[in-house]
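The values are calculated or read from the model by the stated rules, or taken from the named source; none is laboratory data. All of these numbers come straight from a predicted model, not from anything done at the bench. Cβ: placed from backbone, ideal geometry, glycine included. Neighbour counts: every protein chain shown. Quick note on the areas: whole protein, heavy atoms, side chains included, nothing else; ligands and nucleic acids left out. Shrake-Rupley method; radii C 1.70, N 1.55, O 1.52, S 1.80 Å.
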Amino acid sequence: MALPHSIHGVGLLLVLVLALGACTPSYVRHTARVQALAEAEQYPEALRELDAEAGRESLDRLLVVADRGALLHRAGEWEQSTRALQEAAELADERETVRLSEELFGRAPWRMGTLERQALHTLNALNFLLLGRPEEAAVEARLTDALHLRQHLEARHRTELEQSLALVAFDEDFRAYLERLAFGLYVSALAHELAGNEESAFIDYLDAWRVTRLAPPGAPSQLTHLPPKLVAEARRLARPELPELKRLLADSTVPATPEAGELVVFVEAGRIPERCLLSRGGTQVWSVCARSWSHEKARVEVAGQSQTAETVTSLENLLLRRGALGALADTERAPSVAVNLGTVVSWLLVPPVGAALVIRRVAEVNNRMAQGWLSLPAEFQVVRLSVPKGRQVVRIRTGAREQVREVDISSGRPAVLVVQLE
């Protein structure tokens, strides 16, 4: 009679080994050197290190591809970056389908949060702008708003999920600011402007400006350079919003400068926050913590003018405001929450096997919560200037640092520069 018990014990041991083995490696820990090289602006070396680390470890494919796309973007390899970011978007779509086999017995995959997904399409839109393909940039940038519309249709479910996860009410007054990327709308507007879609450009510029006005007090989000353009374009296009804009922006006038062109400088500044464990009421919960950077605004000098950049969207501010609620809602989906409950039930019904599944599930969820797309900037800044036509030398300064670029300015078509500042 001892043999069956022995076999039973071996079987339970095998279940435990299978349940607890082969957990997902920590992406953040394995790619720490990649981030260090990127912060030193050694992008080719960072890309080589990323590929080497991905080859040594079974790192999350979505995070690898997203980081590759962001690093290529920062390195000025815009064509390659578009391909990587498009692959990342496809993988992110696939991850929205929660598979029980992956959640319980495989490796619980990392999923993109709302802001990360919107930032992905915004970076790709910038790539297309820099490649001189504004029509494709407009399509890509509109995906940031399309995501918002899809979420709007799911608002009831999402609100219930937020409440069940955090047990706190979400501040609905700031939802538009927290969920819509004003910078994405601005890039979409510029892409439409360059593509000759004047009505669409006006609508997106107006939406971007309205989102910044919905920002809570103290949030670094503004577009004070836009009102004169909005009023002028509303008048020229005979838009129905003109009376409202004239009432709100009575002092906004734009001087006629027929011999001038425009320069738009986008600045990707700082380092996005990382996931961290914080103590709340005697327990530890996953939230987000800021990473160190200067928080300086860039200053652009060109043709005798000097202007400080405005922060249009601060991913850092958005993520910190969402805090633990955002970390949970971005990482978990309703079916994966159901899997968490199911593992607890299995522990109660079949203790040995259920305990192994619970232990593994806790490890996997904690590992997934710790991951993040750390190649994104902390904030997106913009400077827009009226500049004489012809070749111009542009200096972008932050503190003691300076980047110098040359750009050709022509009337009727804004020139675009994108720079990165740590």
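Could you sort the peptides 379-389, 280-290, 224-234 by per-residue average Cβ neighbour count (10 Å cutoff), highest mean leading?
On the way: 379-389: 21.5, 280-290: 13.6, 224-234: 18.5.
Ranked from most to least packed, the peptides come out as 379-389, 224-234, 280-290.
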Please list 264-275, 237-248 highest first by mean number of surrounding beta-carbon atoms within 10 Å per residue.
264-275, 237-248
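To the nearest 0.05, what FRET efficiency results for residue 32 and residue 402 with a Förster distance of 25 Å applied to their C-beta separation? Please report the intermediate quantities before stating the final value.
Values: r = 29 Å, r/R0 = 1.16.
E between residue 32 and residue 402, to the nearest 0.05, is 0.30.
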Just by accessible area at a 1.4 angstrom probe, what is the order of 310, 90 from largest to smallest?
90, 310
Is the shape of the stretch 25-92 rounded, prolate or oblate, going by the alpha carbon gyration tensor and its root eigenvalues a ≥ b ≥ c, with a/c under 1.5 for rounded and a/b larger than b/c for prolate?
oblate
